[in-house]
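The values are calculated or read from the model by the stated rules, or taken from the named source; none is laboratory data. Predicted model, so just to flag it, every value in this text is computed and none were measured. Neighbour counts are summed over all protein chains in view; Cβ atoms, including those assigned to glycine, are modelled from backbone coordinates with ideal geometry. Keep in mind that these areas ignore ligands, DNA and RNA; they rest on the heavy atoms of the full protein, side chains included. Shrake-Rupley method; radii C 1.70, N 1.55, O 1.52, S 1.80 Å.
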Amino acid sequence: MNALKILRSPVVWGLLLITGGGALLADELLGWDLGAYFWGGVALLAALIFLAEFVGKGKAAWWALIPGVGLLGLAGSILADALLPGSAAWVSETVFLGSLGLAFWLVYLADRNQWWAIIPGGVLATLAAVAFLDDAGLGRVDSGSIFFVGLGVTFLLVGLLPTPQGKMTWAFIPGGILLVFGLLMLAARTDLLVVVGPAA
């Protein structure tokens, strides 16, 4: 039986909405915290269904990795907020964005024909790093420059990593420009430009 048939059933969706609505109502009226656990569990179950589709069909079902791993991250994000309220806000955002980035990297690893997945994978991983740096408040590290450095590294990886179509050498141009721009921003924000400028 196709695991995805479960998600196509209107009965399943109806039961989920009724049960989820009841859990959220109980949260409001009784001060419980069932809604987060319920919807976190639903996201986890849906993630396992999509991942089972990929495991069953192999790289022909590469697309199932995106909702599968993404929903896995969403479940972790929801449950982190429920288990560690307030203190885990930056964790949940980083976990969700990071899981989406990981999903695209796994798509590329599963099927090298999907080389395009390197770009959203790198961008989302960069956004996860930026979210972590912004919310965790780690010293003087500038998240804006990290964003451009991450984009530059992403395009450089597009040019370096193997694909069935050969090397994507065009990617070195935007990759190099973004990387240099990001490094200059980082140097300016960390007072390194007074050393880097004369040295250059």
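Can you name the condition, by its number, that residue 92 falls short on among (1) touching a residue at least 24 places away in the same chain (Cβ under 8 Å); (2) polar (S, T, N, Q); (3) buried (at least 20 other Cβ atoms within 10 Å of the Cβ)?
Status for residue 92: all satisfied but (1).
Checking residue 39 against (1) open to solvent by 40 Å² or more (accessible area, probe 1.4 Å); (2) at pLDDT below 80, only one condition comes out false. Which one?
(2)
Of all the residues that make up the range 157-170, how many are open to solvent by less than 40 Å² (accessible area, probe 1.4 Å) and within 20 Å of residue 129 (Cβ to Cβ)?
At the first step, the residues of the range 157-170 found to be open to solvent by less than 40 Å² (accessible area, probe 1.4 Å) are 158-159, 163, 166, 168.
After this cut, where a residue has to be within 20 Å of residue 129 (Cβ to Cβ) as well, the list is 158.
Matching residues across the range 157-170 total 1.
Identify, from the list 82, 60, 64, the residue that is part of a helix (DSSP H, G or I) and buried (at least 22 other Cβ atoms within 10 Å of the Cβ). Can you show your working first?
Working: 82 fails: buried (at least 22 other Cβ atoms within 10 Å of the Cβ); 60 fails: buried (at least 22 other Cβ atoms within 10 Å of the Cβ).
Criteria check complete, one pass: 64.
Give all pairs with beta carbons closer than 7 Å in which a residue from the range 120-136 that is free of Cβ contacts under 8 Å to residues at least 40 places away in the same chain and within 16 Å of residue 66 (Cβ to Cβ) meets a residue that is of a type in the set (S, T, N, Q) and assigned to a helix (DSSP H, G or I); count only pairs at least 6 apart in sequence or on separate chains.
Here the result reads 122/154; 123/154; 128/94, each pair linking the range 120-136 to a residue that is of a type in the set (S, T, N, Q) and assigned to a helix (DSSP H, G or I).
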